[in-house]
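Nothing in this text is a laboratory measurement; each read-out follows from the coordinates by a stated rule. Quick caveat: nothing in here was measured; it's all calculated off a predicted structure. Cβ coordinates were reconstructed from backbone atoms using ideal geometry, including for glycine residues, and neighbour counts include every protein chain displayed.
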Amino acid sequence: SLTTLSTINMTRIKSTRVYDRDFQQHLINNGVYPNAYEYLDRSVPAEPSNL
């Protein structure tokens, strides 16, 4: 039914969002910054030297 399908999709979305947030924080903690990332003092990380 449509209700069951909506529930399944919402469950999947919620679990993916939590994983993505945790994974993104793990990357930041290890020096891999997302595009447009700013430090708390509003400065930005240097471009990687291998690009």
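A Förster radius of 25 Å combined with the Cβ-Cβ distance from LEU51 to ILE28 puts the calculated FRET efficiency at roughly 0.85. The ranking of GLU38, GLU47 from fewest to most other beta carbons within 10 Å of each one's beta carbon is GLU47, GLU38.
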